[in-house]
C-alpha cells in the first residue's frame with residue numbers, strides 16, 4: 001500500500017460504475033468493462049460464482065440477505081441518460097466518510113439518495129487486473145440495508161489515519177484490573193501475609209553447631225563395646241529395672257537411695273555426645289520420645305498439605321483474575337482447567 005492514499009472524488013467514481021451496472025443488470029454475466037472497476041476480492045467473487053450460473057448482481061454485496069434486495073432495487077431504477085448531456089444524473093451525493101479498519105484496508109463510502117444506493121470503495125494498490133493505484137468498488141447495497149452507525153467514518157483520509165493510530169495505541173495499553181470487593185480484598189491480604197513469611201526468612205544456610213570438648217575417636221568407638229546384642233538380651237524384671245542406676249550427663253541416680261553423686265565421665269561411662277543404646281522395654285522415656293517424634297512428623301505433614309493446598313487455591317484465584325482482565329469468561333476458564341486436568345491424567349498414565 002502506498003504511504004498516502006488520494007482522497008476519493010465521488011463525482012468521478014460513480015458515473016463509470018452506474019453506466020456499467022444499470023444497463024447490464026439483466027444480463028446473465030457481469031460485463032467485462034465492469035470488472036476493472038471492482039476490488040480484486042469482489043472481482044474474483046463475481047468471476048467464480050457467476051460462472052456457476054448464479055445471478056451476479058446480488059454478489060455485489062457481501063450480505064446474502066441484502067443481495068436479493070439489491071437485485072430487486074436495481075431492476076426498478078431508470079438508467080435513461082439525460083437528453084442533453086447524455087450522462088446519468090447522479091442527484092444528491094453524500095460522502096458518508098472514510099475509515100481505516102486495519103493497516104491494509106482503507107475504505108470510503110458514499111450515499112446516492114435519489115438512487116437509494118450506498119457504494120463502498122477500498123484503496124487498492126498493485127492490482128494486476130486493474131488500472132493504477134486507486135479506489136475500487138468493494139460493496140454495493142441499498143440505503144435501507146446500510147448500517148446507520150457513522151461514528152467510525154471520518155471526513156478525510158488524514159482524520160481516518162489519526163483515529164486508527166489512536167485506537168491501535170489504546171488497544172496496546174495495559175488492561176486495568178477488575179474492581180475487587182472488600183471481602184475478596186481481605187482474602188488477598190491474608191494470602192499475602194502468608195507468603196510474606198517466606199520472604200522474611202533468611203536465605204543463608206544455618207551454621208553447624210559446635211560441640212564443646214568433642215570425644216576422641218577412641219573414646220567414641222569405645223562406647224559400642226558396652227552395647228548388648230539384641231539376641232542375647234533379656235529384659236530385667238521390674239525391681240531390677242528400678243534398681244539399675246540411670247546415668248544422665250555423668251550423674252548417678254538411684255531411686256532407692258534418692259541421692260545422686262556426680263562422677264566424671266570416663267571412656268567407659270555414658271558420654272553426653274556419644275550414642276547410648278537404650279531398651280524400649282526398660283526405658284519409658286524412650287517410648288515417649290518415639291511417640292513425640294511420630295506426632296511431630298504427622299503435624300509437619302499436615303502443615304505441608306495445608307500450605308500446598310492454600311498455594312494451589314491462591315494460584316487458581318490469581319490466574320482467574322488475570323483471565324477476567326484479559327476478557328476470558330468463566331465458562332471458557334473452566335473449560336481450560338478441565339482440559340489441563342485431562343492432560344495431567346495422560347501424564348500419569350505415561351509415568
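None of the figures in this text is laboratory data; all of them are computed from the coordinates on show. All figures in this text were calculated on a predicted structure; none of them were measured in a lab. Cβ sites come from the backbone with ideal geometry, for glycine too, and all protein chains shown count toward neighbours.
Here the mean projected area of the convex hull built on the C-alpha positions of the stretch 1-46 is 4.0 nm². Remark on the stretch 10-171: ratio of C-alpha radius of gyration to 2.2 N^0.38 Å is 1.06. Here the label points at residue 304 and residue 72, each 7 Å from Cα along the C-beta direction, are separated by 7.7 nm in the simple model. I want to verify the translational diffusion coefficient of the stretch 290-351 in µm²/s; compute it with Stokes-Einstein, Rh as the Kirkwood radius over Cα pairs, at 37 °C and 0.692 mPa s. Answer, rounded: 227 µm²/s.
For the stretch 42-84, the fraction of C-alpha pairs more than 13 angstrom apart is 58%.
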